[in-house]
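Worksheet for the structure shown next.
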Amino acid sequence: MKRLSPPDSHHLKAAEGWLELGDPLQANEELEKIMPQLRVHPDALEIRWQIYAKEKKWEACVDIAATIVKFAPEKQSGWIQRSFALHELKRTEEAFDNLLPVAERFSDVWTIPYNLACYCSQLQRLDEAQKWFKKAMAIDEKTVKQAAVDDPDLLPLWDSMSGILWKRTK
């Protein structure tokens, strides 16, 4: 899809800035300045998703991310964000089922196998969780370790491994 052009691209950038500053209300006001027909642009929807996620409006997040997936399936963020919101709604099996089909398509993105590991861990599918976690580690070990160290979604996996956090088999 074509990138937004000025002045809409400027409003999008301003919305991103407000989010980085921790002000989702101002971010939303900037998005509202984008021409109405362009507010469904995937880039604008991604910012809208972040605003709603900060407010923990997970049902709306599912809808927004599903729209991104529908109109921009090449954007990994839509797939990841939809499953994340489903998981937050305690629909973890559905989160897993929606993310699994794109694991190979985005095989260089550590977040996808990492999230699949989290979902499997929460679903008590611990062997599968370990497999996905190892895939994430193979993509970006340093980042995965940083994300995993305090992630409560992985606690069942860590407990099953007797506290061996970073054992990595090749």
- [ ] Determine, at each q value in 0.14, 0.15, 0.24 (inverse angstroms), the log₁₀ of I(q)/I(0) that the Debye formula gives when each Cα of segment 1-72 is one equal point scatterer.
- [x] -0.38, -0.43, -1.08
Open item on the list: Per residue of segment 107-112, what does 6.51 cos²θ - 1.76 cosθ + 1.60 with θ = phi - 60° give for ³J(HN,Hα)? Whole Hz please, x for Gly and Pro, Karplus curve as stated.
Closed with: 5, 9, 9, 5, 4, 5
TODO: Of the options Pro36, Leu100, His11, report the single residue whose Cα projects farthest towards the positive end of the charge dipole of the chain (beta-carbon charges: Lys, Arg +1; Asp, Glu -1).
DONE: Leu100
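Can you give the percent of C-alpha pairs in segment 1-123 whose distance is more than 26 Å? Write down the numbers at each step before the final one.
Numbers: 1641 of 7503 pairs.
Tail of the P(r) past 26 Å holds 22 percent of the pairs.
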TODO: Compute the distance in nm between two label points, each set 7 Å from the Cα along the Cα-to-Cβ direction, one at Asp23 and one at Ser5.
DONE: 3.0
Open item on the list: With a 1.4 Å probe and all protein chains kept in place, how much accessible area does Arg105 have, in Å² rounded to the nearest 10?
Closed with: 130
Open item on the list: With bins 5 Å wide starting at 0, give me the P(r) of segment 97-160 over every alpha carbon pair, in whole percents.
Closed with: 4, 22, 32, 26, 14, 3, 0
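Order the following by accessible area, largest value first: Val40, Val62. Probe radius 1.4 Å; ligands, DNA and RNA are ignored. Working shown, then result.
Details: Val40 90, Val62 20 Å².
The most accessible residue leads, giving Val40, Val62.
Could you sort out which of Lys90/Lys142; Lys13/Lys33; Lys2/Lys33; Lys57/Lys135; Lys57/Lys90; Lys70/Lys131 sit more than 22 Å apart by Cα distance in this structure?
Numbers: Lys90/Lys142 28 Å; Lys13/Lys33 12 Å; Lys2/Lys33 19 Å; Lys57/Lys135 30 Å; Lys57/Lys90 13 Å; Lys70/Lys131 29 Å.
As for pairs spanning more than 22 Å Cα to Cα, those are Lys90/Lys142; Lys57/Lys135; Lys70/Lys131.
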Open item on the list: If packing is taken as the average number of other Cβ atoms within 10 Å across a peptide's residues, how do 112-120, 29-37, 8-16 rank, most packed first?
Closed with: 112-120, 8-16, 29-37
Task: 3J(HN,Hα) from dihedral phi, segment 79-84, Karplus parametrisation 6.51/-1.76/1.60, rounded to Hz, x for glycine, proline - done: 5, 5, 5, 4, 5, 4
TODO: With the full set of protein chains in place, find how many percent of the accessible area of segment 1-130 is carbon and sulfur; take the probe as 1.4 Å.
DONE: 53
Open item on the list: Using the Cα centre of the chain as the reference point, and only Cβ charges (+1 on K/R, -1 on D/E), how large is the resulting charge dipole? Debye, rounded to the nearest 20.
Closed with: 460
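Per residue, how much space in cubic angstrom lies within the convex hull of the C-alpha atoms of segment 55-170? Mind showing how you got there, number by number?
On the way: hull volume 11.6 nm³, N = 116.
Residue-normalised Cα hull volume stands at 100 Å³.
The values are calculated or read from the model by the stated rules, or taken from the named source; none is laboratory data. Source: prediction; values computed, not measured. So basically every Cβ, Gly included, is an ideal-geometry build from the backbone, and we count neighbours across all protein chains shown. Surface areas here come from the heavy atoms of the whole protein model, side chains and all, with no ligands, DNA or RNA. Shrake-Rupley method; radii C 1.70, N 1.55, O 1.52, S 1.80 Å.
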